Amino acid sequence: MIDGGAMFKKILIANRGEIAIRVIRACRELGIANVAVFSEADRSSLHVRYADEAACVGPAPSARSYLNMDAILEVARRSGAEAIHPGYGFLAENAEFARRCEAAGIAFIGPPSQAIRAMGSKTSARRLATAAGVPVVPGAIEDLSDAEVEARAREIGLPVVIKAAAGGGGKGMRVVQAEADLASAIRAARSEAQSAFGDSAIYVEKYLVAPRHVEMQILADRHGNTIYLGERECSVQRRHQKVIEEAPSPIVDPALRRRMGEAAVRLARAAGYVNAGTVEFLVDRDRNFYFLEVNTRLQVEHPVTEMVTGLDLVKEQIAIAAGEPLRHRQDDLVIRGAAIECRIYAEDPFQNFVPSPGRIIGLREPGGAGVRIESGVYEGYEVPVHYDPLIAKLITWGQDRLEAAQRMRRALMEYTIHGIKTTIPFHQRVMVDSDFLRGEIDTTFIDRRFAGRPHAWDDSQREVALVAGALHVFLRDQARVMARPGRVGSAESPWKLAARQAALRR
Ligand code: ADP
């Protein structure tokens, strides 16, 4: 048990949405008072309602609110917060912000600023990994001029990917398949790097064919203890961004887990890493793994690791920042069952995942055994246009991967959000996809199975998907009927439909 009393008394959460609520919940369980910050566009947000205290830090654009270091540090000072949890995104991987917290005597719940800096540049991280004997994706380990990128690309052999050294979120990245596209890709990557990160440094590496994205969660304390908590597979991606994650990976066996985990720990030690972090790898068909990058923060997909290890990563982060030693040893950790996370975005999956902001006029969240929801929205909430469209995460746990997937399918059927488009129907299709169910996923999965074929699915699964759709409509209509005063609900029970669906599957 973490003893909240021996730690911080008050924590400020420098974030919004589901992750702000996630952190507030951990604080509340530990008996730690919490302070939310919000922009003018977020006055009526759930995280503001949920927090003990809340303060406005500026207008809607994040550059003037959630990225406004002065305003956030001022709220921390005024409210007497002893620590700041940055969540993910915004200031979470900003070495300057971590440094300013350190200078102000406020604990930054994350790694020391120099570790963030060392890992913040992909080329610097690749140098550290190489020195620590961790295999990296073949390619440059330093920032390159345009001419050098061209020369190295030829040396490595196409396809290659040109990347922003400061990159993140798939930005500043260009895949080059044909020599004729090289020069324009270099220009595009460099200018996107400059506009997205204020840093035009780029480099080039080999573009692996249909790899899997497998990442290791690590925890390190200030006393020299570093452990790995097992992997997450995040190969289901659109535009190089994750949409479904799971733990453990269907292709990782205990021996590979140990090798990847030990590599991740070696790198963390070499970087002087403290707190929670993720070492990302690409894995090829022969199960060779190559270091990709380090994320020096809590990841969006951290819940799947929590579900299979039983740990609360946010509480672990808080304890580490308070100077406590790790309470778990490597040999004590056990991976139990399997967990899957579906990211629920306010996006239209059938229009190339374009954002779909607007008002949520109907909301019904799933529940039941093995189901966890991390949500930042409520019925009547207006999803703003200003921020990342992730509105919730649905996580299921099962004794094995199949049960986790079956639960996910069931939970997605119960999940209704009206007024905006969401990725729920996309996830419903993935959960009946034969390749997904066999664990045959790689980073080309969405393009291979769904791109340009929004309604594509195997014939054998057509009925299941149709019934899933029917149940979705039925639950929505039933919710409307039930909402009308003086009416009894429809006589048809949703469970009969579920039974029919099971019959179809047989
Ligand atoms: P970002 O920091 O922008 O998220 P990453 O370097 O973490 O970028 O890569 C994001 C995703 O892009 C990976 O998960 C993978 O799908 C794809 N990718 C990146 N580098 C390569 C590569 N060398 N070969 C194949 N795919 C890659």
Problem set entry | region 361-392 and region 22-86: distance between their alpha carbon centers, rounded to Å | 20
Exercise. Which entries of Lys163/Lys421; Lys242/Lys421; Lys10/Lys315 show an alpha-carbon separation above 25 angstrom in the structure shown?
Worked result: Lys163/Lys421
Exercise. Taking the highest mean first, how do the peptides 254-267, 338-351 order by number of other beta carbon atoms within 10 angstrom per residue?
Worked result: 338-351, 254-267
Exercise. Ranked highest first by average number of other Cβ atoms within 10 Å, how do 130-136, 211-217 line up?
Worked result: 211-217, 130-136
For this session: Give the distance, in whole Å, between the Cα centre of region 393-428 and the Cα centre of region 93-121.
Result: 36
Exercise. Counting only DSSP beta bridges with both residues in the chain, what percent are antiparallel, rounded to the nearest 5?
Worked result: 80
Exercise. How large is ³J(HN,Hα), in whole Hz, for each residue of region 226-231 in order, when computed from phi with the Karplus curve 6.51 cos²θ - 1.76 cosθ + 1.60 and θ = phi - 60°, using x for Gly and Pro?
Worked result: 9, 10, 10, 10, x, 9
Problem set entry | Order of Thr444, Thr278, Thr416, Thr305 - criterion: other Cβ atoms within 10 Å of each residue's Cβ, fewest first | Thr444, Thr416, Thr278, Thr305
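Only Cα pairs under 8 Å and at least 6 apart count here; give the relative contact order of region 212-449 as a rounded whole percent.
With pairs under 8 Å counted, the relative contact order is 21 percent.
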Seminar exercise, completed: Once phi for every residue in region 258-269 is put through the Karplus expression 6.51 cos²θ - 1.76 cosθ + 1.60 (θ = phi - 60°), the whole-Hz ³J(HN,Hα) values, with Gly and Pro written as x, are 5, 5, 5, x, 5, 5, 5, 5, 4, 5, 4, 4
Exercise. Convex hull volume of the Cα atoms in the chain, per residue, in Å³?
Worked result: 149
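Summing +1 for each Lys or Arg and -1 for each Asp or Glu, what net charge is found among the other residues whose Cβ lies under 10 Å from the Cβ of Ile106? Can you show the working numbers first?
On the way: positive: Arg77, Arg100; negative: Glu82, Glu102.
Once all neighbours under 10 Å are counted, the net charge is 0.
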Problem set entry | Burial ordering of Ser62, Ser44, fewest other beta-carbon atoms within 10 Å first | Ser44, Ser62
Exercise. By how many nm would the segment from Arg127 to Phe350 grow when fully extended, if each residue of separation counts as 0.36 nm and the alpha-carbon distance is taken off?
Worked result: 76.2 nm
Exercise. Taking Lys393 as the anchor, which aspartates and glutamates have their alpha carbon closer than 12 Å to its alpha carbon, excluding any fewer than eight residues away along the same chain?
Worked result: Glu18, Glu245, Glu301, Glu341, Glu365, Glu374
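No value in this document is a laboratory result; all are computed from the given coordinates. Model, not experiment: these values are computed from the prediction. Using ideal geometry, Cβ is built from the backbone for each residue, glycine included, and neighbour counts are taken over all protein chains shown.
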